[in-house]
Amino acid sequence: KYRLLAIHEKFYSLKDKIAAKLALSPEQEAVLEEKLKQVTPIKKDHINVLGDSVEEVNRNADVDELLYQGDIVLTDAQAEDIAAEEEQGSARLKRQAINGRMFADNFWRQGIFYSFHKNATAKVKSVFKKAANLWHKDTCIDFSERPSSPERLEVMVESGCWSFVGNHHKALPLSLGLGCDTVEAAAHELGHSIGMFHTHSRHDRDDYIMIKTHNIKSSSMDQFTKQTPETNDNYGIEYDYGSIMHYTASGSSYNGQPVMVPKEPYYLSTLGSPLISFNDLLMVNTHYGCLKKCNSSRSAAKCMMGGFPHPRDCSRCVCPSGFGGKLCNERPSGCGAILQATSTPKTLEDTIGDFRTSNYRADAREDFTMCNYWILAPAGKQIEVKVKSISDGFAVEGCKYGGVEIKADYDQTLTGFRFCAREDAGKKLLAPTNLVPIITYNRFHGMKTVLEYRAV
């Protein structure tokens, strides 16, 4: 704890320099204020008394200020390099995505081994294994429980949710403390362990996000330090608001108002996603060289919609959300339907979850139930989708427990617009193509979503 405190004090002493870097010009401030006018005030719900996000849990546990960007344990060398960049503006590391002095050595070349500390509860073990499987099943990284390995993660219950970034060739603690015993928190911390920093610290963040510095809690200023082009290689993969490595809009706010505002404000509730995104998987697969196997295979699947051949079976694809089948050209199997849009408005009513279960906060389920719809319009037409109503009780930042995702962007590899609040009723999207995937998801009580759609 003493070392963490020393690192915290180092970054806290730099808060004014960090704030100066984040400062907007008067013209940018004016643009941001216009963006904020498009943000609908929402009466937020809270389901977990300990916190509904990693940021909130760690703040309530009084550990966020001890950790870099709220949940990362840095080595001394990492802290020195990042502080030097903030102080001197000169990159001392080479290529992140993760690479360089900090990261070149930090791959898990034999897969990721892990063990459970004696204080790990059955719930912690369950959510960690599920999170590990989510990364395992769509990458080439194997996860194995091996307490005897000198290089491993040791999953434990300490205060808060936190981990190291990458492999440091020894047993590394990963904490899933009280409030962190969710698949989402485990998947986020495992993302760090694999080697990922936060998406909102990408060097190109400011092309997608505007920072309202006046709303930042002074002790959280380090959450908005950025990597540089020299330290952050994103392999040409697009910034995804729905990355599981992205924080919520106001998780570091002192007043509950947004700190991070997407340049397209309707993406606000997509920030802080509880789900691993397609681009998260693509980033990890690219960084670990998982794609090379299929690149050299003549029989590799010809994936559509931006998907890529699966590193564990080149004959099928890893698909963006909302797409399925071996080649990503089908609606995913399971609940949902293919709906035909015409010029006459039609209604989509979706009920998901289990209304018979208690809506008491402790009854949130570990796993999401999901349904996939496709709205199709005639060739050459666009599709307009309007939110008519959403059940009460789900207006949690990041739509953590349930919501609807409307994929109304031209780039279908990206996470769509997510909504989960009653106040979202009336919001309207115009998709640039004649296919709009709609995804509903839920892991708490039951939820009803009503949308209206038409071809235009």
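Below, the figures for the structure above:
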quantity	calculated
J(HN,Hα) series, segment 243-256, from Karplus relation 6.51 cos²θ - 1.76 cosθ + 1.60, nearest Hz, glycine and proline x	4, 5, 8, 9, 6, 6, 5, 10, x, 10, 7, 8, 10, x
Kirkwood Rh, angstrom, the chain [1 / mean 1/r, Cα pairs]	22.6 Å
Long-range HN-HN contacts of residue 232 with modeled amide H, under 5 Å	95, 96
Eligible aspartates and glutamates near residue 326 by straight Cα distance, threshold 17 Å, same-chain separation 8 or greater	138, 313
For segment 23-90, size of Cβ-based charge dipole, Lys and Arg +1, Asp and Glu -1, in debye	560 debye
Residues whose placed amide H lies under 5 Å from that of residue 154, excluding near-sequence neighbours	115, 172, 174
Pairwise FRET efficiency - residue 263 versus residue 326, Cβ, R0 = 41 Å, nearest 0.05	0.70
Segment 2-270: equivalent-ellipsoid semi-axes (sqrt of 5 x gyration tensor eigenvalues, Cα, Å)	29, 22, 18
Cross-link reach list, aspartates and glutamates versus residue 123, counting only Cα pairs under 12 Å and skipping chain neighbours closer than eight places	181, 366
Gain upon complete extension [residue 365, residue 50; 0.36 nm per residue less C-alpha separation]	111.8 nm
Equivalent ellipsoid semi-axes, segment 232-274, via Cα gyration tensor eigenvalues times 5, rooted, Å	21, 11, 10
Loop-resident sites, segment 182-276, for chymotrypsin sites (Phe, Trp or Tyr not before Pro), counting at most 14 other Cβ within 10 Å (DSSP)	235, 254
Residues listed by number, segment 162-191, amide nitrogen under 15 Å from residue 146 label point at 7 Å toward C-beta	167-172
Unit Cα scatterers, Debye sum, segment 338-455: log10 I(q)/I(0) for q = 0.18 Å⁻¹	-0.87
Signed unit charges on C-beta, dipole axis of segment 2-270, positive-most listed residue 236, 252, 126	126
Beta bridge orientation in the chain: antiparallel %, DSSP, nearest 5	75 percent
Mean separation of Cα contacts under 8 Å, 6 or more apart, over the residue count of the chain: relative contact order %	15 percent
Nearest-0.05 FRET efficiency for residue 13 and residue 456, computed from C-beta distance (R0 56 Å)	0.55
Cα long-axis angle, helix 278-287 against the chain (0 to 90 degrees, to the nearest 10)	40 degrees
Ranking of 115, 315, 321 by count of other Cβ atoms within 10 Å, fewest first	315, 115, 321
Angle in degrees between helix 183-194 and the longest Cα principal axis of the chain, rounded to the nearest 10	50 degrees
Those lysines that a straight Cα-Cα span of less than 25 Å connects to residue 44, excepting residues fewer than 8 apart in one chain	35, 212, 217, 263, 386, 388, 400, 407, 427, 428, 448
Qualifying trypsin sites (Lys or Arg not before Pro) for segment 318-421 [loop in DSSP, other Cβ within 10 Å: at most 11]	356
Point-charge dipole on Cβ atoms (K/R +1, D/E -1) for segment 338-455, about Cα centre, debye to 20	260 debye
Cleavage-rule hits, chymotrypsin sites (Phe, Trp or Tyr not before Pro), segment 291-389, DSSP coil, Cβ neighbours within 10 Å at most 10	360
P(r), alpha carbons of segment 137-215 - 5 Å bins starting at zero, rounded %	3, 13, 19, 20, 17, 13, 8, 4, 2, 0
Proximal charge balance of residue 125 [Cβ under 13 Å; K/R count +1, D/E count -1]	0
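Coordinate-derived values only; no laboratory data. As the structure is a prediction and not an experimental result, all values here were calculated from the model. Note that we place each Cβ from the backbone using ideal geometry, even for glycine, and neighbour counts take in every protein chain shown.
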